[in-house]
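J.: Following this message is one structure expressed as structure tokens.
The values are calculated or read from the model by the stated rules, or taken from the named source; none is laboratory data. Computed from a predicted model, the values in this text were never measured in an experiment. All Cβ positions, glycine included, derive from the backbone under ideal geometry; neighbour counts span all protein chains shown.
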Amino acid sequence: MSGLEKILKHIEDNANNNAKELIEKANMAAEKIVNKAEEESNAIFIQKIEQCKADVDAFISFLEASAALKKKQIILDSKQQIIKDLISRAKDYIIKLPKEEYFEVILKMLTKYCIGKSGQIIFSQYDRERMPEQFEQQINKAISTKEGAHLEISDETRSIDGGFVLNYGEIEQNCSFDALFLDKYDLLQDEVYKLLFDESTV
């Protein structure tokens, strides 16, 4: 081998060695980059999993709270409907009392709602037709404890469910059952609620 060939061979060997060394360094660097990327991707994946879990837990809590609120609303609506039905049934019960008992209730109501003046009492057509004999006398006897109180049964009738209307000229008082139950509805509702649902009254 000539001197030139030896030089060329030496250069070639050095080049091959350098290339091999560069390739090894490149491979090591690439491996580090891949490992780092895997670590970062794993961290991101775990973070996303944790976030999803937190989102699911939050959504479950929201659903549970919504369900509890809905349950309370359903119970409240049911209680209100029960109370409404009972008040309506109580009114119907009074309206449908036997004639004697019904007009006894009317007399008791008059002692409460009439005033110490002369006036007229107006009934429905139905009550007017089934009224007991001498009922006007019974009315005035019942209200005699109020000084100046005197009522005449009017020939006029009103479209009311039951009860009566008191007419004192410019003053008129609606004592029909519909009007009275409507006026006292909140009070009746509270009383019925206590009787049915308030444990402290048991």
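J.: Report whether or not GLN134 is more than 22 Å from TYR93 (Cβ to Cβ) and either aromatic (Phe, Trp, Tyr) or surrounded by 14 or more Cβ atoms within 10 Å (Cβ to Cβ) (or both). Full working, then the answer.
T.: Numbers: more than 22 Å from TYR93 (Cβ to Cβ): yes; either aromatic (Phe, Trp, Tyr) or surrounded by 14 or more Cβ atoms within 10 Å (Cβ to Cβ) (or both): no.
No, not satisfied.
J.: Right, something else. Working only within the stretch 102-155, note down all residues that are more than 17 Å from ILE171 (Cβ to Cβ), outside any strand (DSSP E or B) and charged (D, E, K, R).
T.: Selection gives GLU104, LYS108, ASP127, ARG128, GLU129, ARG130, GLU133, GLU136, LYS141, GLU147.
J.: Could you please find all residues in the stretch 158-190 being over 22 Å from ILE115 (Cβ atoms) and surrounded by 14 or more Cβ atoms within 10 Å (Cβ to Cβ)?
T.: ASP161, LEU188, GLN189, listed by residue number.
J.: How many residues are under 16 Å from PHE123 (Cα atoms) and more than 38 Å from the chain's Cα centre (by Cα) when one looks only at the stretch 170-202?
T.: Residues of the stretch 170-202 that are under 16 Å from PHE123 (Cα atoms), as a first pass: 172-180.
Now drop any that are not more than 38 Å from the chain's Cα centre (by Cα), which leaves none.
Final tally of qualifying residues: 0.
Each row is one residue, and each column tells you yes or no for (1) at pLDDT 80 or above; (2) surrounded by 10 or more Cβ atoms within 10 Å (Cβ to Cβ); (3) more than 30 Å from THR145 (Cβ to Cβ).
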position	(1), (2), (3)
ASP55	no, yes, yes
SER61	yes, yes, yes
ILE95	yes, yes, no
ILE115	yes, yes, no
GLN120	yes, yes, no
